[in-house]
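J.: A single structure is presented below for examination.
The values are calculated or read from the model by the stated rules, or taken from the named source; none is laboratory data. As the structure is a computational prediction, the values presented were derived from the model and not from experiment. Neighbour counts are summed over all protein chains in view; Cβ atoms, including those assigned to glycine, are modelled from backbone coordinates with ideal geometry.
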Amino acid sequence: MRARSASAARRGSFAAVSVALFCIQVDFFALNLAIPGIADEFAITESAAQWTLSAYMIALGCYFIIGGRLGDVFGRRGTLLAGTALFAAGSVWCGLAPDLWPLVAARVVQGVGAALVFPVSVAVVSNTFPDETRARALGAVFGIANIGTALGPFIGGGFTEGPGWRWIFWLLAPLAAVAFLIAALYVPDSRDVSAPRQLDLLGCGTIVCAVAALTLAVERGSAWGWASPRTLTLFAVSALSGWLFLLRERHARHPLVDLHLFRNTPYVLVTVMGSVSNMCFAVTVFLSTLYLQGVRGLSPLSAGIVFLAPALLTALSGPLGARLGQHMRPTTVMAMAGALAGTGMITLSYTTAWWLYVPVFAWCGLGLGLGYTYSSVATQQVVPAARAGEASGVLLTCMITLGAIGLAAVAAALTAMTPQRGPDEVYEAVLRIGGAASLAVSGAGLAVRRRREGPGNPAQARR
C-alpha cells in the first residue's frame, strides 16, 4: 500500500507540475504574437500594449526567489496550489479585462502565480522522485512544458487572427484548474525541515525593490530615454536596494538566500551559462518574430507555423538534457548547449533560403532550449534537495533579469541602427554578437570548471 501511495504521488506530482508549467510556457510565448491584436482592440499603440508583457516579466522576476523560499520554508504543496490558483484566476481576469490597465493588473497576478509555481515545481519533483530517476523526471517535465513553447506562437497567432487574443486565456484557465485539482489530490508536502517557519520579510522587500526597479528601467529605458531622470532614478533604486539586500542576507538569522550558495562553483557556472542561454533565447525569438513578419512579410499565424520547427526541438531538449546529464557533468552539458546555440545563431544570421532557414532555426531551438531548460535540472544536481526551491528561485531570477536586459539592449540597438543600416542587417549583426557571446561564455565556463573541479567522473562533480 505504501509503495502504491508513493507511486501515485510521483505520477500525480509529475502530471500537476507538467500541466502547470505547460500553461506558463504557452502563456509567455503566445502573447508575444497577440500584441498587435490587443493594440487594435483597445485602440492603443503597440508600445502601450507591451505593458502586458513588461508587467508579467516584472512580477516574475520579483517573486521567483520568494516563491522558491516560501516552498522550502512553509511547504511546497501549499505554495504550488497558491501559485496555480493565482495563475488560473489571473487568466480569467485577462479574458474579461475591459481595457489595457485591468489587463496589465491581471498579468501581474498571473506573473506572481507563475513565479510561485516555477521554482516550487522543480523542488516538488526533486523531493518526490528518488535520486536515480530525478533527472529523468525533471527532463520529461520540461519536455512537456516545452511543448507549450512549441505551441505558444502557433496558438497566439491563430487565436489573434481567428476568435481573438482573449481565447489564449480561456484555454489556459481550465488547464490551470486541472493542474490545481491534480496537485490538491496527489502532491505530497515537503519542506526544508532544518529551517524555521519564518520568512525574511526585510529581505523580501529589498529584493522585490531591486528586481522591480531594474526590470522596469531596462524594459522602458528605450521609450523614456536611457539618460532620463526616471530611468536613472530606477537604476539608482535598484543598486541601493540590491546592496541593502546583500547586507541583510549576510546578517539575517534566517536569510532568504544563503549567500554560501555562491561558493558552489558548479551552481554558479550553471546559473551564468543558463542566464546567457535564456538571454540568447529571448533575443532570438524576439528578432525572429520581427524578421518573419517585418522583413519576410508573414502573417502572425504563418510566423507561428515557422516557429513550430525550433520549438519542437526545444521541447525535445528536456528529455535530451536529462539523458546527457546521466553521462556528463552538468557544466559540460551546459557548455555543449551554449556551443550549439552560438553556432546556430551565427549560421542563422547568414541564412536566407527557406529550405535552409527552417532547419537552422530548429538547430537554434535545440541549443537554446537545452541551455535554458537543462539549467533548472542541473541546479538540482549540484545543491542539496532541502534548498532546491531557493536555488531554483535564484537561478530563475538571474535568467529572467538578464533576458530582460538583453531584450532592452536589442530594442535600443534596433532604434539606433535601423535608420542607417536597415532592419535585416541589424537583425543579422545582433544574432552574430549573441552567438559569439554564447560561445565565449561556454568556453569560459569549461575553463573555470576544469581549473576549479579538476578531472574526474561525472558523479563526483554533481555536488
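J.: If you take the residues of segment 412-463 that are hydroxyl-bearing (Ser, Thr, Tyr), over 13 Å from LEU269 (Cβ atoms) and within 25 Å of the chain's Cα centre (by Cα), which of them is modelled with the highest pLDDT? Give the derivation first.
T.: First, the residues of segment 412-463 that are hydroxyl-bearing (Ser, Thr, Tyr): 415, 418, 427, 438, 442.
If we keep only those that are over 13 Å from LEU269 (Cβ atoms) too, we end up with 415, 418, 427, 438.
Applying the additional criterion that residues be within 25 Å of the chain's Cα centre (by Cα) yields 427, 438.
Details: TYR427: 83, SER438: 89.
In this case the residue turns out to be SER438.
J.: Identify, from the list GLY242, GLY221, GLY225, the residue that is touching a Ser or Thr at 6+ places or on another chain (Cβ under 8 Å), exposed (fewer than 15 other Cβ atoms within 10 Å of the Cβ) and outside the structural domain of LEU313 (by TED's automatic domain parsing).
T.: On the way: GLY242 fails: exposed (fewer than 15 other Cβ atoms within 10 Å of the Cβ); GLY221 fails: exposed (fewer than 15 other Cβ atoms within 10 Å of the Cβ).
Selected residue: GLY225, the only one of GLY242, GLY221, GLY225 that is touching a Ser or Thr at 6+ places or on another chain (Cβ under 8 Å), exposed (fewer than 15 other Cβ atoms within 10 Å of the Cβ) and outside the structural domain of LEU313 (by TED's automatic domain parsing).
J.: Also: Return the residue satisfying two criteria in turn: it lies in segment 192-218 and is surrounded by fewer than 18 Cβ atoms within 10 Å (Cβ to Cβ) and among the polar types (S, T, N, Q), and of such residues it is modelled with the lowest pLDDT.
T.: SER194
J.: Of the residues LEU199, LEU172, LEU214, which single one is in contact (Cβ under 8 Å) with a residue 60 or more places away in the chain and in contact with an Asp or Glu (Cβ under 8 Å, 6 or more places away or on another chain)? Lay out the reasoning, then the answer.
T.: On the way: LEU199 fails: in contact with an Asp or Glu (Cβ under 8 Å, 6 or more places away or on another chain); LEU214 fails: in contact with an Asp or Glu (Cβ under 8 Å, 6 or more places away or on another chain).
Every option except LEU172 fails the conditions.
J.: Name the residues in segment 293-308 that are buried (at least 20 other Cβ atoms within 10 Å of the Cβ) and in contact with a Gly (Cβ under 9 Å, 6 or more places away or on another chain), would you?
T.: Of all residues in segment 293-308, those buried (at least 20 other Cβ atoms within 10 Å of the Cβ) come to 300, 303-304, 306-307.
Selection gives PRO300, ALA303, GLY304, PHE307.
J.: Restrict the check to segment 225-232 and report whether at least one residue is of a type in the set (Phe, Trp, Tyr) and part of a helix (DSSP H, G or I). Show your work before the answer.
T.: First, pick out the residues of segment 225-232 that are of a type in the set (Phe, Trp, Tyr): 226.
Now drop any that are not part of a helix (DSSP H, G or I), which leaves none.
So far as segment 225-232 goes, no, none of its residues is of a type in the set (Phe, Trp, Tyr) and part of a helix (DSSP H, G or I).
J.: When segment 251-281 is examined, which residues are found to be of a type in the set (D, E, K, R) and under 20 Å from the mean Cα position of the chain (by Cα)? Let's see the steps before the verdict.
T.: Step one: filter segment 251-281 for residues of a type in the set (D, E, K, R), giving 253, 258, 263.
Scanning segment 251-281 gives no hits.
J.: Against the condition under 26 Å from PRO130 (Cα atoms), of a type outside the set (A, V, I, L, M, F, W, C) and assigned to a helix (DSSP H, G or I), how does SER18 come out, does it pass?
T.: Details: under 26 Å from PRO130 (Cα atoms): yes; of a type outside the set (A, V, I, L, M, F, W, C): yes; assigned to a helix (DSSP H, G or I): yes.
Taking the combined requirement at face value, the residue satisfies it.
J.: Also: Take the residues in segment 373-384 that are in a helix (DSSP H, G or I) and of a type in the set (Val, Ile, Thr); name whichever of them is nearest to the chain's Cα centre (by Cα).
T.: Here is the first cut: in segment 373-384, the residues in a helix (DSSP H, G or I) are 373-382.
Checking which are of a type in the set (Val, Ile, Thr) leaves us with 373, 377, 379, 382.
On the way: THR373: 9, VAL377: 13, THR379: 14, VAL382: 20 Å.
Here the residue is THR373.
J.: State yes or no: is VAL257 outside any helix (DSSP H, G or I) and touching an Asp or Glu at 6+ places or on another chain (Cβ under 7 Å)? Give the derivation first.
T.: Details: outside any helix (DSSP H, G or I): yes; touching an Asp or Glu at 6+ places or on another chain (Cβ under 7 Å): yes.
Against the criterion (outside any helix (DSSP H, G or I) and touching an Asp or Glu at 6+ places or on another chain (Cβ under 7 Å)), VAL257 qualifies.
J.: Another one. Mind checking whether some residue in segment 89-105 is closer than 23 Å to TYR372 by Cα and not basic (Lys, Arg)?
T.: First, the residues of segment 89-105 that are closer than 23 Å to TYR372 by Cα: none.
Scanning segment 89-105, I find no residue that is closer than 23 Å to TYR372 by Cα and not basic (Lys, Arg), so the answer is no.
J.: Taking the conditions exactly as written (buried (at least 20 other Cβ atoms within 10 Å of the Cβ), polar (S, T, N, Q) and assigned to a helix (DSSP H, G or I)), does SER47 satisfy them or not? Before you say what the answer is, go through the steps one by one.
T.: Working: buried (at least 20 other Cβ atoms within 10 Å of the Cβ): no; polar (S, T, N, Q): yes; assigned to a helix (DSSP H, G or I): yes.
Considered against the rule, which asks whether it is buried (at least 20 other Cβ atoms within 10 Å of the Cβ), polar (S, T, N, Q) and assigned to a helix (DSSP H, G or I), SER47 comes out as no.
J.: Sticking with this one: List the helices (runs of 4 or more DSSP H) inside segment 74-163, counting only whole elements, that have at least 2 residues being basic (Lys, Arg). Before the answer, list the steps.
T.: Values: elements: 76-96, 100-128, 131-161.
Helices (runs of 4 or more DSSP H) meeting the threshold: 76-96, 131-161.
J.: Something else now. Which of the residues belonging to segment 253-267 are among the hydrophobic types (A, V, I, L, M, F, W, C) and buried (at least 16 other Cβ atoms within 10 Å of the Cβ)?
T.: LEU256, VAL257, LEU261
J.: Between a residue in segment 318-335 that is in contact (Cβ under 8 Å) with a residue 24 or more places away in the chain and any residue that is basic (Lys, Arg), which pairs come within a Cβ distance under 6 Å, given they are 6 or more apart or on different chains?
T.: ALA322/ARG136; THR331/ARG449
J.: Restricting attention to segment 228-238, does a residue exist that is more than 29 Å from CYS364 (Cα to Cα), of a type outside the set (A, V, I, L, M) and buried (at least 20 other Cβ atoms within 10 Å of the Cβ)? So that I can check it myself, show each step before the final result.
T.: Taking segment 228-238 as the starting set, the residues that turn out to be more than 29 Å from CYS364 (Cα to Cα) are 228-238.
Now narrow it down to the ones that are of a type outside the set (A, V, I, L, M): 228-231, 233, 235, 238.
Still in the running and buried (at least 20 other Cβ atoms within 10 Å of the Cβ): 238.
Yes: one or more hits.
J.: Kindly provide the set of residues from segment 315-372 that are crowded, with 21+ Cβ neighbours inside 10 Å and not in a helix (DSSP H, G or I), ordered by number.
T.: Selection gives ARG329 alone.
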